[in-house]
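One structure is given here, and the rest of the page talks about it.
Values quoted throughout were computed directly from the atomic coordinates according to the rules given, and no laboratory measurement underlies them. All values derive from a computational prediction rather than experimental measurement. All Cβ positions, glycine included, derive from the backbone under ideal geometry; neighbour counts span all protein chains shown.
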Amino acid sequence: MRYTILLHYPELMAQGELDQAAIERGQAAFNRYASDLDAAGVLLSAEVLQPSTATTTVRAVDGDFRIQDGPFADTKEKLGGIFVIEASDLDAALGWAKQAPSVEWGPVEVRPSGIHFENGAWTT
Amino acid sequence: MDDLNSPDCTPHSEVRTAAEQAARTSYGRLLALLAASTRDILLAEDALADAFEQAMRSWPVSGIPANPEGWLLSVARNRQRDVLRSAARRTSDPLEAGETVPAPDLSSIDPDAIPDKRLELLFACAHPAIAADIRTPLMLHTVFGFEARAIAEAFRIPPATMAQRLVRAKRRIRATGIPFALPTRADMPERLGFVLEAIYGTYTIDWESLPREASLASESLFLAVTVAALRETEPESWGLAALIALSSARAPARFVEGGFVPFGEQDPSLWDVGLIREGEAYLRRAHSLGQPLGRFQLEAAIQSVHCDRLRTGTTDRDALLRLYRALVAVAPTEGAKAALAAVESGN
């Protein structure tokens, strides 16, 4: 099955709250995680997002588009990264989710894919 | 397939009895097997219902098969495969599950060779990704074959609510990809706890509202012992097996002439000595592992004190007090507190 692992964590780095050494440790951990997933042959794609302050939102309002900065939801943890993996079942996916470096800082969500687009067609 | 009975006509009542017998003894086994390959409990239930229906139609004519369980499994598997194939045609992409279901061969079915996947089904029902309060109902429903209505009554919630929650849980197993498998060694301790809780749930609910209590007690015991054997060094598993065995041992004396007989007034000569011996053996096994006493071991030890009345003619109230105090310390449930208060006031 195809699962998306969604990482939520506080955006400390953006506010300069972490020193350089801590940032490097985090990057190394993410690097290791992605490499482990890749070496196991389960990694389909990985994205680590810029802080939510870089988000721009498009909304259709009364037949028009409204573009604005944000959203800046008042939650401690924000969506910070996405790993798409292929795993035999939920237990295997949870096993990988537990290894995500950010699990120390915030919740990791595991969700199966419904359908995905590949080679020009939707496929289950 | 060879039939035991004359192919001309088997009385309908006999067919019904045979089908009901098969349903009672093998529902959970058949459902677990059918659902294991697809993780789709709803589909497996439909396939099994179709198979029972077909049995009622064809057995009166063809006779009751020598191996009713194998017959039902084959017919249900065919049905399941047909549904998956037509679903695959509709979506143009073949479904993985449809390909893995092998074509059944009616002549080669050996009932003893039908594997038991109930334990795997149990771990799926008690998975942490399933809401804790629906795990025991789901287990009763799938492993033991209870109707949602009966379970709703036992849990004292409206039948429609229970039915809806059961369907939601079954859909969730399929949608999230919960495996029908034994957990890994690392996951086992936590998962085992959930399974023990769910089996314990079948023991604590109000059995008066459910039919066929006796057969369920032995099934619960079977599952508890199987789980305990799976991880032999886990004392609480043996504690739960002991608890169910010792408690079921007194079942024959619990209802006399339709009336409930409380502990102290039960006639010990009605108790099942074999089950008491079995329970005591499990309890010794749990204690021999030498770890702090958990809730199930303590409850089993309390049962053991009560069962000892058969041997000594009296109940050791001091032992009961000690055990109940320990139980309230480990698991301060309302039931345990009330029981402790009752023992204390009786002194």
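In terms of surrounding Cβ atoms within a 10 Å radius of their Cβ, B:GLU153, B:GLU236, A:GLU86 rank from fewest to most as A:GLU86, B:GLU153, B:GLU236. Among A:VAL110, B:VAL61, sorting on how many other beta-carbon atoms sit within 10 Å of each Cβ, with the fewest leading, yields B:VAL61, A:VAL110. What the Kirkwood sum gives for chain B is a hydrodynamic radius of 22.1 Å, with every pair of different alpha carbons counted. Listed by chain and number, the lysines whose alpha-carbon sits under 26 Å from that of A:LYS98, ignoring those within fewer than 8 places in the same chain, are A:LYS76, A:LYS78, B:LYS170. Does the stretch A:1-101 come out rounded, prolate or oblate, given a ≥ b ≥ c as the square roots of the eigenvalues of its C-alpha gyration tensor, rounded meaning a/c under 1.5 and, failing that, prolate meaning a/b above b/c? Oblate.
Using only the alpha-carbon atoms, how far is helix B:235-249 inclined from the longest principal axis of chain B? Give it as 0 to 90 degrees, nearest 10. Orientation of helix B:235-249: about 90 degrees from the principal axis. The stretch B:1-90: D in µm²/s via Stokes-Einstein (Kirkwood Rh, Cα pairs, 10 °C, 1.306 mPa s)? Answer from the Stokes-Einstein relation: 118 µm²/s.
When a/c is below 1.5 the answer is rounded, else prolate if a/b is larger than b/c, else oblate, so apply that to the stretch B:281-324 with a ≥ b ≥ c taken from the square roots of the Cα gyration tensor eigenvalues. Working shown, then result.
On the way: a/c = 2.72, a/b = 1.59, b/c = 1.70.
Oblate is the answer for the stretch B:281-324, as a/c is 1.5 or above yet b/c matches or exceeds a/b.
With n ≥ 4 as the cut-off for DSSP H runs, can you work out [θ] at 222 nm for chain B, using -39500 (n - 2.57) per run divided by the number of residues, rounded to the nearest 500? Don't skip to the end; give the middle numbers.
Details: 17 runs with 235 residues, N = 347.
The helix-only estimate for chain B comes to -22000 deg cm²/dmol at 222 nm.
Among B:ARG135, A:ARG59, B:ARG174, sorting on how many other beta-carbon atoms sit within 10 Å of each Cβ, with the fewest leading, yields A:ARG59, B:ARG174, B:ARG135. When Rg and Dmax are taken over the Cα atoms of the protein assembly as shown, they come to 27.4, 87 Å.
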